[in-house]
1. Before rounding to the nearest 500, sum -39500 (n - 2.57) across all DSSP H runs of length at least 4 in the chain and divide by the residue total; then give [θ] at 222 nm in deg cm²/dmol.
2. Given a 1.4 Å probe and every protein chain left where it sits, what share in percent of the accessible area of the chain is carbon and sulfur?
3. Please work out the average accessible area per residue across region 1-108, using the 1.4 Å probe convention, and give it in Å².
4. Quick one: length gained pulling THR4 to ALA99 fully straight, 0.36 nm per residue minus the C-alpha distance?
5. Quick check: with the 1.4 Å probe, what order do THR85, THR11, THR79 take by accessible area, largest first?
6. First select every other residue whose beta carbon is under 15 angstrom from the beta carbon of PHE19; then total the charges, Lys and Arg +1, Asp and Glu -1.
7. Report the Cα centroid-to-centroid distance between region 42-63 and region 81-95 in angstrom, as an integer.
8. Quick one: net charge of LEU110's neighbours, Cβ under 15 Å, K/R +1, D/E -1?
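The values are calculated or read from the model by the stated rules, or taken from the named source; none is laboratory data. Since the structure is predicted, the reported quantities are computational estimates derived from the model, not experimental observations. Cβ placement follows ideal geometry from the backbone for every residue including glycine, while neighbour counts extend to all protein chains displayed. Only protein heavy atoms, including side chains, enter the accessible area calculation; ligands, DNA and RNA are left aside. Shrake-Rupley method; radii C 1.70, N 1.55, O 1.52, S 1.80 Å.
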Amino acid sequence: VVGTMNRAQQTYLLQAGQFADKDEFGELGLGIKTITQNYKYVIADGGAGKSVVTNQAQLINSGAPLKSYVGGVVIGTITDTSETTSLAVLCEAKKAGSAAGPDGTQLAKLNNNLPECPDATNWKDLSS
């Protein structure tokens, strides 16, 4: 779901000129509930004037045998052409909540204007 949220944020950026924020979740047109039995889907940051947004699948029960997910989308520039574009990352917790893995409330990071997982110790980058 977080990968779909990332793609929807990229589309929203093209249409609205900004990322959707937590109050605009429905504007992404995903047709999903923001809270399910296992996850709470959250947009952190985003909105007018923001160059990065984090999409989260937070664990409802931090002791569940499930992994959390975090995605990040940033406004970037292609060096060779100077074109503005959006870049995304999708991260999966390396450990399930029941094994003391992260709960999904972490934010994606920016490194040289590229989106990255919250940290390499607890997260695996599924984008590459």
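1. The helix contribution divided over the chain gives -4000 deg cm²/dmol.
2. The value for the chain is 47 percent carbon and sulfur by accessible area.
3. Accessible area per residue, region 1-108: 52 Å².
4. 31.6 nm
5. Listed by decreasing accessible area, they come as THR79, THR11, THR85.
6. In short, -2.
7. The two parts, judged by their Cα centres, are 14 Å apart.
8. Counting the neighbours of LEU110, the net charge comes to -2.
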